[in-house]
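Read the structure below first, then the notes.
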Amino acid sequence: MKCIICGRESSKPVCEVCAKSIAMDFPFILNKGLVVSDERSELGDEPDILFHGDLERLNTLAKKALGGEELASDDYLMLSKFALQFHRKFSFILDNLELGDNYFLNLAREFASRSDNNEAKYLLAQAYFEAGAAEESETILDGIWQEHRDYALLYGKVLVANGKWGRAMEIYNEYLKENEEDVEFWSSMADAIYASGNYEDAERAYLRVLQLDKDNSRAWYMRGLCLKNMGKWGGAMQSLQTAIRKSPRYKEAYDALLSILMERGMYNRALETLKKMKEAGFDVDRKIAEVEAKVIE
Ligand SMILES: [Zn+2]
């Protein structure tokens, strides 16, 4: 493929040279707001919509920082926070530019490392974790996790990713002793138990989440997986169906339900489920044909 800007041979529509030149002028890559307006919002509030003025401010500050200018600590924090957000929301832009998939995460790390306070360390730990470097993330959080609820929550997840479930559970337990009704902590606790392979206790922990928040579709889904792993098919199917009822476009829940139905030879119900998926907007025509063929057999 040839670069659409300069015509050089490139593996993506915009070659490395052109992409780097764009990144130099506009470190956040986007330079136009998502709505037509010159307005500026309060960037500190992590807005869903970015106005021209917001992007202009982000790009200008980022350019200064990358050019070696000294910024206020809060500015580094804001830039790092937005680079993380851009990674989560706008990574798909990177499909068109030869900048590497972790461009925004690298940016987040760069900004976070310019500031020295705990929040900056927390942002740095997030950027490492999301880039798949859970060990670096653990080292950073080791020293600060006790300072803030969110740090402890991330620390637990990082420990689970590093296979240290027991330690993660200890940390969650310690926090839950004082904050029994924190749904997110219960949910993370359940994930840690699930990762350790103890599906019976994990199921109980997901039930605790559901006692506090009965519409939590992920907990219904995860409870379904626990029951599936324990061979309790009926309960698993019910739990997965509840997850789907709460979130009608929950792809993983449909997939888990279908895998049980197919494994158990329940092709008619699999067909019903696929038709529901189709109604929900999933492209499942080929799968429907496959299962229909099995029903006829
Ligand atoms: Zn080019």
*asked:* Just to be sure I follow: if Rg is taken over the C-alpha atoms of segment 207-297 and Rh is the Kirkwood radius over the same atoms, what is Rg/Rh?
replied: 1.00
*Simple spin-label model, 7 Å along Cα-to-Cβ: ASN229 to PHE92 in nm?*
3.2 nm
*Apply the Karplus parameterisation 6.51 cos²θ - 1.76 cosθ + 1.60, with θ equal to phi minus 60°, to every residue of segment 127-133 and state each ³J(HN,Hα) to the nearest whole Hz, in sequence, with x for glycine and proline.*
4, 4, 4, 6, 8, x, 9
*Go through segment 211-216 residue by residue and turn each phi into a ³J(HN,Hα) via Karplus (6.51, -1.76, 1.60, θ = phi - 60°); whole Hz please, and just put x for glycine and proline.*
4, 7, 8, 6, 8, 6
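Which value, in Å to one decimal place, does the Kirkwood hydrodynamic radius take for the chain when every pair of different Cα atoms is included? Show your work: numbers first, answer last.
Values: mean 1/r = 0.0450 Å⁻¹.
After inverting the pairwise mean of 1/r, the radius is 22.2 Å.
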*Using the Karplus equation 6.51 cos²θ - 1.76 cosθ + 1.60 (θ = phi - 60°), what ³J(HN,Hα) coupling, rounded to whole Hz, does each residue of segment 62-72 give in order, writing x for Gly and Pro?*
5, 4, 4, 4, 5, x, x, 6, 7, 10, 5
*Output the peptides 162-168, 177-183, 220-226 sorted from most to least packed, where packing is the average of other Cβ atoms within 10 Å over each peptide's residues.*
220-226, 162-168, 177-183
*Size-normalised alpha-carbon gyration radius of segment 133-242, reference 2.2 N^0.38 Å*: 1.09
*Theoretical gain in end-to-end length, LEU207 to GLU181 [0.36 nm per residue, Cα-Cα removed]*: 8.1 nm
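Note the full-extension length gain between GLU70 and ASN117 as 0.36 nm times their separation in residues minus their Cα-Cα distance, in nm to one decimal.
Values: separation 47, 0.36 × 47 = 16.92 nm, distance 1.58 nm.
That works out to 15.3 nm of additional length.
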_For the chain, take the longest principal axis of its alpha carbons; what is the angle in degrees between that and the long axis of helix 165-178, to the nearest 10 within 0 to 90?_
90 degrees
*Treat the count of other C-beta atoms within 10 Å as a stand-in for reagent exposure and order VAL14, VAL209 from fewest to most.*
VAL14, VAL209
*Spin-label zone in segment 229-269 - amide nitrogen under 15 Å from a point set 7 Å from the Cα of LYS275 along the C-beta vector*: 267-269
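From the C-alpha gyration tensor of segment 1-131, pull out the three semi-axes of the equivalent ellipsoid (sqrt of 5λ each), sorted largest to smallest, in whole Å.
Working: eigenvalues 122, 62, 36 Å².
Its equivalent ellipsoid spans semi-axes of 25, 18, 13 Å.
Read-outs: derived from the displayed coordinates by stated rules, not from any lab. All values derive from a computational prediction rather than experimental measurement. Positions of Cβ are generated from backbone atoms using ideal geometry, with glycine treated the same way; all protein chains shown enter the neighbour counts.
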